[in-house]
Amino acid sequence: MTTRPDWDVFCKVIDNFGDIGVCWRLARQLANEYAASVRLWVDDLDSFRLLCPQRDPALSIECVQGVEVRRWESLFTAVTPARVVLESFACRIPENFVDRMAQLSPPPLWINLDYLSAEAWVSGCHLLPSPHAHLPLVKYFFFPGFTTDTGGLLRERDLRTRRRCFAASTDLQNDWWRALGSAAPRAGTLLVSLFAYENTAIGDLLHAWEVSGRPVCCLAPCSRTLPAIAAYAGRALAAGDRLQRGALEIRILPFVEQLRYDSLLWLCDLNFVRGEDSFVRAQWAARPLVWQIYPQQEAAHLIKLDAFLARYCAMLPQATAVVLCEFWQAWNAGRVETAQWQQLAASLPLLHEHALRWEARLAAQDDLVKQLVRFSASRL
């Protein structure tokens, strides 16, 4: 780019795809829906390529889907900061870049996009300013969230329309299965997607499905679940492999890029998801879900899990809320009993209705990118 960009988005890939998943969606939406010029700085382009296969990790600079993707080098290149600088998840942008920000008049709007949480304190911290200790710069904290006094959730303008079209079209669903090189399971099968971190409960869950009274087809994208599934199978597994045991059929999928992952969620009756990006997409899928939150030291993540459950279950019948909470907590604790799965399975019709109501409620608030754009316009 020869002119000063509108947005610089900085992302560090830690040990999963959640951070870059969020940043890649955000950058694409800024470029495609708001005609913004966006530079996305990523420190691990090899991992990024799994989310965006057309990306060439050998290139330090490449324009992909309207976004200028750049390698975040340890010796940071000298560039003019954009009008808005977004630091994702406190990734600490380079000091020499911050110095250049301070030299500009007016300086860029500096935003730290924080992690998603349903905790009550989030709304009080959303949009709080934090002046730099030594430079004439102010950083604003921007919190995604589930209420109108937070920054909302990532949602493209056409997402809900695409979901409804997919759900209503047998042809689109059949095309999805054909692209996978597979056929849809027989009618009456419970279709489940399984995307998780390492979890000792995976074997328990697969056994519960094996002895289920209803056939279960588990679609498992290649991820950190694969060793546990292979241990259950008693053999090595790879993308394209299938295993039939009792009522359970397991299909190992290749790593699913973002645009196709939404369709997987829309297709399934129940989605097991992890972290932040797939967690949010599962809510937009308007299907029952089970969330594995990213583990933190001293079990701090369980506070966040319970905070979301309190919001999510508020409109559920008490008995159903108890079943859902106990299953989520057991899943995150690494131990699931067959009886807990049976109770959850029996609750799926009610949970499906609830997921539709929850999604409609979330859609009534402005999405994250729309709020970011509006906030930046008010400060520039």
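The values are calculated or read from the model by the stated rules, or taken from the named source; none is laboratory data. Keep in mind that this is a model prediction, so the values were computed, not measured. Positions of Cβ are backbone-derived with ideal geometry, glycine not excepted, and every protein chain shown enters the neighbour counts. Keep in mind that these areas ignore ligands, DNA and RNA; they rest on the heavy atoms of the full protein, side chains included. Shrake-Rupley method; radii C 1.70, N 1.55, O 1.52, S 1.80 Å.
Might you check whether a residue that is farther than 25 Å from P129 by Cα, more than 22 Å from the chain's Cα centre (by Cα) and modelled with pLDDT under 90 occurs anywhere in segment 21-38?
No - not one qualifying residue is present in segment 21-38.
Among the listed residues A300, A346, A247, A321, identify the single one that is more than 17 Å from W209 (Cα to Cα) and either touching a residue at least 40 places away in the same chain (Cβ under 8 Å) or in contact with a helix residue (DSSP H, G or I) (Cβ under 9 Å, 6 or more places away or on another chain) (or both). Lay out the reasoning, then the answer.
Values: A300 fails: either touching a residue at least 40 places away in the same chain (Cβ under 8 Å) or in contact with a helix residue (DSSP H, G or I) (Cβ under 9 Å, 6 or more places away or on another chain) (or both); A346 fails: more than 17 Å from W209 (Cα to Cα); A247 fails: more than 17 Å from W209 (Cα to Cα).
The conditions single out A321.
Just give me the residues in segment 93-117 being open to solvent by 40 Å² or more (accessible area, probe 1.4 Å) and free of Cβ contacts under 8 Å to residues at least 60 places away in the same chain, in sequence order.
E95, N96, D99, R100, Q103, L104, S105, P107
Where residues in segment 295-334 are under 28 Å from I14 (Cα atoms) and of a type in the set (D, E, K, R), which of them is surrounded by the fewest Cβ atoms within 10 Å (Cβ to Cβ)?
E298
So, V280, is that one among the β-branched types (V, I, T) and within 19 Å of G334 (Cβ to Cβ) or not?
No.
Sort out for me the helices (runs of 4 or more DSSP H) sitting completely within segment 158-256 that have 3 or more residues that are open to solvent by less than 30 Å² (accessible area, probe 1.4 Å) and within 16 Å of N271 (Cα to Cα).
Because the criterion is at least 3 residues that are open to solvent by less than 30 Å² (accessible area, probe 1.4 Å) and within 16 Å of N271 (Cα to Cα), the helices (runs of 4 or more DSSP H) in segment 158-256 that meet it are 202-210.
Listed residues R374, R287, R357, R361; which is touching a helix residue (DSSP H, G or I) at 6+ places or on another chain (Cβ under 7 Å) and of a type in the set (D, E, K, R)? Please lay out each step first, then the result.
Working: R374 fails: touching a helix residue (DSSP H, G or I) at 6+ places or on another chain (Cβ under 7 Å); R357 fails: touching a helix residue (DSSP H, G or I) at 6+ places or on another chain (Cβ under 7 Å); R361 fails: touching a helix residue (DSSP H, G or I) at 6+ places or on another chain (Cβ under 7 Å).
Answer to the selection: R287.
For segment 50-83: of the residues being open to solvent by 40 Å² or more (accessible area, probe 1.4 Å) and in contact (Cβ under 8 Å) with a residue 60 or more places away in the chain, which is nearest to the chain's Cα centre (by Cα)?
If we take residues in segment 50-83 being open to solvent by 40 Å² or more (accessible area, probe 1.4 Å) and in contact (Cβ under 8 Å) with a residue 60 or more places away in the chain, then L50 is nearest to the chain's Cα centre (by Cα).
Given the conditions (1) open to solvent by 50 Å² or more (accessible area, probe 1.4 Å); (2) of a type in the set (A, V, I, L, M, F, W, C); (3) under 29 Å from F255 (Cα atoms), and given that A120 satisfies all but one, which numbered condition is not satisfied?
(3)
Among the residues of segment 287-308, write down those that are of a type in the set (A, V, I, L, M, F, W, C) and in contact with a His (Cβ under 8 Å, 6 or more places away or on another chain).
From segment 287-308, those of a type in the set (A, V, I, L, M, F, W, C) are 289-291, 293, 299-300, 302-303, 305, 307-308; that's our starting set.
Hit for segment 287-308 is I293, nothing else.
How many residues, within segment 129-146, are in a loop (DSSP other than H, G, I, E, B), open to solvent by 40 Å² or more (accessible area, probe 1.4 Å) and in contact with a helix residue (DSSP H, G or I) (Cβ under 7 Å, 6 or more places away or on another chain)? Write out each step before concluding.
Step one: of segment 129-146, the residues in a loop (DSSP other than H, G, I, E, B) are 132-137, 143-146.
Keeping just the survivors that are open to solvent by 40 Å² or more (accessible area, probe 1.4 Å) gives 132-136.
Among the residues that remain, those that are also in contact with a helix residue (DSSP H, G or I) (Cβ under 7 Å, 6 or more places away or on another chain) are: 135-136.
Looking only at that region, the number is 2.
For segment 7-124, list the helices (runs of 4 or more DSSP H) that sit wholly inside it and hold at least 2 residues that are under 29 Å from R274 (Cβ atoms) and β-branched (V, I, T); which are they?
18-34
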